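Scroll down for the structure; my scribbles are underneath it.
No lab work stands behind these numbers, since they all come straight from the coordinates. Since this is a predicted model, take the numbers as computed values, not measurements. Virtual Cβ from ideal backbone geometry, glycine too; neighbours counted across all protein chains shown.
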Amino acid sequence: MAQRAAIVTGASTGIGRAIAGMLAEEGYALTVASRRPENLAPAAKELRAMGAEVVEVPADMRSEDDIKAVVSAHRERYGRLDVLVNNAGMGFGLPVGEIPTKQLDMVLDVNIRSIVIFYRECVEMLRAAGAEHQSALVVNTASITGKRGQAWLSVYSATKFAVVGFTEAMNRELAGEGIRSCALCPAFVNTAMTDFVKDTVDAEAMIQPQDISEAVRYLLKLSPGCLIPEIIFERPGEVL
Ligand SMILES: NC(=O)c1ccc[n+]([C@@H]2O[C@H](COP(=O)([O-])OP(=O)(O)OC[C@H]3O[C@@H](n4cnc5c(N)ncnc54)[C@H](OP(=O)(O)O)[C@@H]3O)[C@@H](O)[C@H]2O)c1
């Protein structure tokens, strides 16, 4: 049994897949979750091929029951949680006068409500890890749009501001117990989420998923007395 265990949401592709791969390299046992099983299964297979112990749980982050199932599966298999990566997210681009309520609710639920529920369901395991080694870590994938409001991405942007604010609150509430949280705030990253803009922004000129996972690797190595509440990843020459 691995000495450290992590949950990664949105682990099937993109940033989450890169972070899960880095955690596998670092020797973490993993629970990986995302919505579509057909995307999650190959990711889990690749992580096992790297030598990691992996539990895969298809889960829709809109569903409280699904989130509880992810945490229960993790607890049953590993009995400990050292790192929680709240990474699953989604968005849409529309002018404010055209926002459908269904899409509004979906983005609020996936991008912020799920993170609150994950903390609630995981906090006892995180407390145990914090008491043991003072280095429990929660990484929340926000966005550069969580630092600067974006036209036509208003709901997405608002949820990412909420992620940054919730992360700050969690540090005030939990850091004293050895549970540090960090909000990742990247500009365009070369993942499926930015396919819509790749005819105007070259994928190679974007931030790469490994840039994000290497930053998380650094967070894992901090001494207990060092807290990094957020990391902003910008693109050279881009003013958002
Ligand atoms: N790419 C960027 O430019 C960028 C910039 C800043 C922040 N971010 C944030 O980074 C995070 C990861 O995005 P990415 O760029 O890596 O995009 P991605 O490759 O499209 O990955 C998104 C991940 O989230 C999962 N997901 C989406 N909706 C879900 C739901 N309802 N329930 C469960 N899982 C769900 C996806 O699983 P399925 O495919 O199965 O739905 C997938 O694993 C998101 O929070 C995003 O907002 C991205």
Mind checking which aspartates and glutamates have their Cα closer than 15 Å to the Cα of Lys221? Skip sequence neighbours fewer than 8 apart in that chain.
Glu25, Glu26, Asp82
Quick one: if the Förster radius is 25 Å, what FRET efficiency do Arg217 and Leu94 give, using the C-beta to C-beta distance and rounding to 0.05?
0.10
How much length is gained on full extension from Glu204 to Arg77, taking 0.36 nm per residue of separation minus their Cα-Cα distance?
41.8 nm
Percentage relative contact order, the chain, counting C-alpha pairs under 8 Å, at least six apart
19
Estimated dipole of the chain in Debye, rounded to 20 [Cβ of Lys and Arg +1, of Asp and Glu -1, Cα centre]:
300
Would you order Thr159, Thr9 from fewest to most other beta-carbon atoms within 10 Å of each residue's own beta-carbon?
Thr159, Thr9
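Note the full-extension length gain between Glu168 and Asn39 as 0.36 nm times their separation in residues minus their Cα-Cα distance, in nm to one decimal.
Values: separation 129, 0.36 × 129 = 46.44 nm, distance 3.20 nm.
Extending this stretch completely gives an extra 43.2 nm.
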How many angstrom separate the Cα center of segment 160-192 from the Cα center of segment 69-124?
13
I'd like the Kirkwood hydrodynamic radius of segment 5-233, using the inverse of the mean 1/r over distinct C-alpha pairs, in Å.
17.6
Please work out the Cα center distance from segment 212-240 to segment 37-67, rounded to the nearest Å.
25
For Lys147, give me every one of the lysines with a C-alpha distance below 17 angstrom, ignoring sequence neighbours fewer than eight places off in its own chain.
Lys160
